[in-house]
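The values are calculated or read from the model by the stated rules, or taken from the named source; none is laboratory data. A quick note: this is a predicted structure, and the numbers were derived from the prediction, not measured. Every residue, glycine as well, gets a Cβ built from its backbone with ideal geometry; the counts of neighbours run over all protein chains shown. Just so you know, the surface numbers come from the protein's heavy atoms only, side chains and all, with ligands and any DNA or RNA stripped out. Shrake-Rupley method; radii C 1.70, N 1.55, O 1.52, S 1.80 Å.
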Amino acid sequence: MKQILFVVYALAWFSQLAAAQQKTPPKVKPTTKTAAKLVAVSAATLTAGKAVYTQNCLTCHMADGGGVERMNPPLNGTTWVLGDKTRLVKVVLNGLEGEDIDGESYASVMPAFDALTDKQIADVLTYVRNSFGNKATAVAPAEVKAIRAANKK
Amino acid sequence: MKNHVFRYLLLPTALVGSLSLLALKTENKVVADPDNAGLKLPAGFGALKVAETGARTRHITVTPQGTLYVKLNRPNKEGKGILVLRETTGGKAEVINGFGSYGGTGIYSVPGFLYASSDEDVFRYKLNAKGEVTNPTQPEKIITGLINRRQHEGKSIAQDKAGNIYVNIGAYSNSCQVKDRQKGSLGKPNCPVLDSAGGIWQFQADKLNQTYGDGTRYATGLRNVVGLDWNAQANQLFVMQHGRDQLHDNFPELYDTKQSAELPAECMYALKKGDNAGWPYVYYDNIRHKKMMAPEYGGDGKKEATGNFLEPAAAYPAHTAPNALLFYTGTMFPEKYRNGAFIAFHGSWNRAPEPQKGYYVAFQPFKDGKPSGEWEVFADNFAGSPEKATAGRPDHKPCGLAQGPDGSLYVTDDKQGTIYRIVYAKK
């Protein structure tokens with residue numbers, strides 16, 4: 001018990017010391033790979049992605065990507081958009097229903113958008129991942145193609 | 001001498017006493033907020049924020065003693081799904097406790113009983129002579145096992161004067177497509193949703209554990225009804241239907257985005273047993289004033305509907321989401337409001353890219369139990385500004401209505417949990 005207490009005290013002391021030395025909190029640096037891809041998002045892709053968004057997504061997720069309370073989930077600041085690309089591409093290919101998003105339940109149904117081409121899906125997801133305050137790597141048409149091929153409905 | 005001094009002492013005491021009595025009287029008066037709680041109201045009306053609950057306050061009911069019961073969409077941090085508020089000073093109120101561990105929408109009170117619904121069941125609580133619930137943890141389960149598939153899940157409730165309770169069971173679908181909300185997907189033949197949803201069911205108000213087999217499908221072809229109320233003059237149930245969404249998204253070759261924003265109307269129906277309002281086969285076009293064939297079932301935006309479907313009693317702008325209906329029977333408001341309908345329009349999302357609309361309480365005049373004359377916006381600016389309304393980013397969204405014992409009108413907001421009270425001051 002005493003040993004544990006000592007460890008706790010020591011840790012607390014070290015962390016205080018560390019905090020004193022480092023006045024600004026450490027920033028999470030993007031990996032070089034991520035940084036390279038972030039730069040690679042072209043204006044043309046964003047424009048094309050916005051057009052796909054306006055035609056297919058805007059009614060429910062709204063012009064600002066903020067969604068509708070308890071009906072349609074927001075697209076900003078969520079791991080569903082910013083995280084795993086495979087999961088995200090599958091949402092577009094298969095639709096989504098009955099899933100809680102970040103602890104919130106949403107009543108509406110998202111239909112499948114598998115009629116969109118690989119490029120359209122890549123463009124719209126790249127646009128969504130880099131709009132509404134989001135910043136994340138681009139989605140390439142080849143990635144969509146691979147996920148679609150492996151997608152079991 | 002002593003008596004004399006006493007007499008002089010008595011005078012100021014009496015004065016202070018009567019002054020404090022006067023002050024008490026002023027405190028009990030309902031005082032409108034200087035800015036009328038941010039609302040725009042007709043001349044002579046005032047409004048105050050009764051309480052800030054911070055919860056998702058859906059429907060509301062007030063007992064004759066002035067106690068407010070508010071149903072929460074989901075339980076608050078303390079795990080309570082119904083809030084109890086008691087009047088404090090100046091017409092305001094405070095949350096004194098809560099009960100019921102379930103979320104939901106419906107709440108309704110009659111002398112002696114409080115009814116509340118989860119998204120599957122309807123419960124009944126006993127009210128004592130003070131308007132207090134005596135069995136908060138042991139309600140009677142009146143109705144159970146109603147379908148809940150997330151979409152249109154709220155089980156709004158109302159009662160008639162003959163011991164019947166009416167429950168909305170919303171359709172778990174937009175338009176009964178084979179693939180819900182999928183572009184081009186057609187309607188399922190003989191829409192199976194209507195067997196267990198998409199209508200109003202009638203049950204007995206005092207019988208335990210009723211389910212589908214014990215009830216009657218009172219009216220069908222209603223996509224989703226959140227606001228409903230019994231009209232005592234017509235002795236009839238009135239309901240507000242949420243009309244279908246996404247005509248353009250699903251059938252872009254038939255409807256442009258402007259038509260999709262303006263169609264179909266949000267309709268008021270006066271129901272009789274056995275009525276069919278036509279969903280999903282029909283929608284109401286408020287520009288042509290016609291019932292139209294839905295595109296999922298052979299419609300093209302121009303074909304009128306055939307079949308014996310109920311005519312709406314009144315129609316309102318598309319997608320504005322009527323979430324509460326209340327027939328006003330009080331005497332506080334001027335004569336024109338008596339027996340008319342207040343409707344809380346929660347506000348739209350499905351008008352994009354056109355400007356969003358709603359976020360107001362409307363008034364529909366009635367005469368002899370029927371809508372008579374044009375509806376008007378009664379309480380506006382729940383959104384906070386016209387810009388916030390058109391962007392679909394309102395500060396508040398009106399959701400529930402109740403009439404206080406003095407005739408004031410209570411309005412809930414399920415976005416921030418503000419509870420409003422609208423009063424009329426004779427000029």
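For A:SER131, the conditions (1) of a type in the set (Gly, Ala, Ser); (2) closer than 30 Å to B:HIS346 by Cβ; (3) more than 14 Å from the chain's Cα centre (by Cα) are fulfilled apart from (3). Residues considered: A:ALA146, A:ALA122, A:ALA63. Of these, the only one that is among the aliphatic types (A, V, I, L, M) and part of a loop (DSSP other than H, G, I, E, B) is A:ALA63.
What are the residues in the stretch A:138-153 that are in contact with a helix residue (DSSP H, G or I) (Cβ under 7 Å, 6 or more places away or on another chain) and modelled with pLDDT under 95, if any? Walk me through how you get there before you give the answer.
To start, the set of residues in the stretch A:138-153 that are in contact with a helix residue (DSSP H, G or I) (Cβ under 7 Å, 6 or more places away or on another chain) comprises A:138-141, A:143-145, A:147-148, A:151, A:153.
Across the stretch A:138-153, the qualifying residues are A:ASN151, A:LYS153.
Are any residues in the stretch B:286-321 of a type in the set (Gly, Ala, Ser) and within 13 Å of B:GLU266 (Cα to Cα), and if so, which ones?
The initial filter retains those residues of the stretch B:286-321 that are of a type in the set (Gly, Ala, Ser), namely B:294, B:298-299, B:301, B:305, B:307, B:313-315, B:318, B:321.
Hits for the stretch B:286-321 are B:ALA313, B:ALA314, B:ALA315, B:ALA318, B:ALA321.
When B:ASN350 is tested against (1) outside any strand (DSSP E or B); (2) away from every other protein chain (no Cβ under 14 Å); (3) touching a residue at least 60 places away in the same chain (Cβ under 8 Å), exactly one condition is not met: (2). Of the residues making up the stretch B:70-89, those that are in contact (Cβ under 8 Å) with a residue 60 or more places away in the chain and within 18 Å of B:SER408 (Cβ to Cβ) are B:VAL70, B:LEU85, B:THR89. All of A:VAL52, A:VAL68 fail the test of being β-branched (Val, Ile, Thr) and either facing chain B (nearest Cβ under 8 Å) or within 26 Å of B:ASP395 (Cβ to Cβ) (or both), apart from A:VAL68. Any residue that is open to solvent by less than 50 Å² (accessible area, probe 1.4 Å) and within 13 Å of chain A (Cβ to nearest Cβ) - is there at least one of those in the stretch B:372-392? Looking through the stretch B:372-392, at least one residue is open to solvent by less than 50 Å² (accessible area, probe 1.4 Å) and within 13 Å of chain A (Cβ to nearest Cβ). Does B:VAL239 meet the test of being in contact with a Phe, Trp or Tyr (Cβ under 6 Å, 6 or more places away or on another chain) and in a strand (DSSP E or B)? In short, yes. Any idea how many residues of the stretch A:92-129 are away from every other protein chain (no Cβ under 14 Å) and hydrophobic (A, V, I, L, M, F, W, C)? Looking only at that region, the number is 5.
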